[in-house]
Amino acid sequence: MRTTGIEKAASAYLALEAVAVLALSTWEMLALISGDSASVPSSIALLVLTVIAAAAVAAFAVVVWRGGSWGRSGGIVVQLLILAVAGGTLTGPDADGSIALAIAAPALVGLALLIAASRAAGPRTRLETATDEDEV
């Protein structure tokens, strides 16, 4: 299965996001160690979930690189979740549009890359499906 350049770009972007989520988990670990946590059990649970999220995004990156559709689907879900977080920063007493934009902009870039990768993979997927049906 040969992947296109846009699929590789989307994969690289997902890998970069996985590294960012892993960096966030490191920050959470340092906060936990330094005692900057109101609830240790909650902090540990959040740390575990963040590491799992980093592993999932990294897995999506690998699958997109290999041309798999479920990696693109998972990556799109991740971008939509990031956009939801960005929207959440626009509500409440401490709402800040600049923070929302800083969170939303990378998610929009990732979403655009993943949609473009899906469109680029469409002809290849149709060709592979037709070839599989001919063999049966």
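We did not get these values from a lab; they are worked out from the coordinates using the rules stated. Note that the structure is predicted; figures quoted are calculated from it, not measured. Because the Cβ atoms are built from the backbone with ideal geometry, glycine has one as well, and the counts that use them run over all protein chains shown.
Between 0 and 90 degrees, the angle of helix 40-66 with respect to the longest Cα principal axis of the chain falls at about 20 degrees. Between 0 and 90 degrees, the angle of helix 5-33 with respect to the longest Cα principal axis of the chain falls at about 20 degrees. With K and R counted +1 and D and E -1, the other residues having a Cβ less than 14 Å from that of residue 57 yield a net charge of 0. If you wrap the Cα atoms of the chain in a convex hull and average its projected area over all directions, you get 10.1 nm². Taking Lys and Arg as +1 and Asp and Glu as -1, the other residues whose beta-carbon sits under 12 Å from that of residue 113 total +1. The angle separating the long axis of helix 97-135 from the principal Cα axis of greatest extent in the chain is about 30 degrees. The helix-based estimate of mean residue ellipticity at 222 nm for the chain, built from -39,500 (n - 2.57) per DSSP H run of four or more residues and divided by its residue count, is -30500 deg cm²/dmol to the nearest 500.
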